[in-house]
Amino acid sequence: MVQDTTALNRRMTHFDDRDSLWLFGYGSLIWKAGFPYLERRPAHIRGWTRRFWQGSHDHRGTPEAPGRVATLVPEPGALCHGMAYRITPETLRPLDVREKNGYLREVTTLFFEGGETAQGLTYIATEDNAAFLGEAEPTAMARQIAEAHGPSGPNRDYLLNLAEALEALGVEDPHVADLARRVHAHSPARTGPKPM
Ligand code: SIN
């Protein structure tokens, strides 16, 4: 199921009057920026946890066989580590299109190493969006990720690239690590070189 959130996001005018703003990435935005940025720094946000509970009908799956990609779900006390990018407001336009399958811009506080904070945006696909899949048995989620494929490539590459990027950042994410282990066990070979 698909619901295009581009128009909803375009109505959000937060930060439009600034020269630059911080965008927090926790999924593909960590390992595949694909947009211009002024600066990039590891950061975390609070009260959210990363889960492969969002369906991908447009990038890592198809409407008939959706993949599973990351979203954030609320969890009091949780920290989600990722990458922050300082971007110009115009950069949000193509990002709204990239994240159109259910993700909405959310204003959040970013925490940087050293204790600095900043207000910024992140894209979250909440449970009321049409493409939300929710939790499933880990084995079933891993099988779906191992088998799905969409216009942006195999779903397994999304997961394994994210697992590698988190490891490189020194971030432990048991949910991602467990799915990556299960996907490796399901089909050990990678499908090709890491896409840029
Ligand atoms: C993000 O990476 O911050 C959003 C989800 C995605 O594009 O994978």
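Any read-out appearing in this document is the output of simple, stated calculations on the displayed coordinates, not a laboratory observation. None of the values given here were measured: they were computed from a predicted structure. Every residue, glycine as well, gets a Cβ built from its backbone with ideal geometry; the counts of neighbours run over all protein chains shown.
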Checklist line | Of the GluC sites (Glu not before Pro) in segment 1-92, those whose Cβ has at most 14 other Cβ within 10 Å and which sit in DSSP loop | finding: Glu64
Notebook entry, point to check: Given only helices, namely DSSP H runs of n ≥ 4 each adding -39500 (n - 2.57), what is the per-residue ellipticity at 222 nm of the chain, to the nearest 500 deg cm²/dmol?
Noted result: -7500 deg cm²/dmol
Check: For Ser28, Ser152, what ranking results if the residue with the fewest other Cβ atoms within 10 Å of its Cβ goes first?
Finding: Ser152, Ser28
Note to self: Quick query: amide H of Ala43 versus all other amide H atoms, modeled in the peptide plane; which residues come in under 5 Å with a sequence gap of 5 or more or a different chain?
What the structure shows: Gly82, Met83, Ala84
Next item on the list: Would you kindly state how much longer the chain becomes between Thr126 and Glu75 on full extension, computed as 0.36 nm times their sequence separation minus their alpha carbon distance, in nm to one decimal?
Entry: 17.1 nm
Notebook entry, point to check: Which of Arg143, Arg105, Arg156 moves the most in a Gaussian network model of the chain with Cα springs under 10 Å?
Noted result: Arg143
Notebook entry, point to check: At a Förster radius of 30 Å, what calculated FRET efficiency corresponds to the Cβ-Cβ distance of Arg18 and Ala136, to the nearest 0.05?
Noted result: 0.15
Checklist line | Normalised contact order of segment 1-120, rounded percent, pairs of Cα under 8 Å and 6 or more residues apart | finding: 39 percent
Next item on the list: May I ask you to give the average projected area over all directions of the convex hull of the Cα atoms of segment 6-186, in nm² rounded to one decimal?
Entry: 10.0 nm²
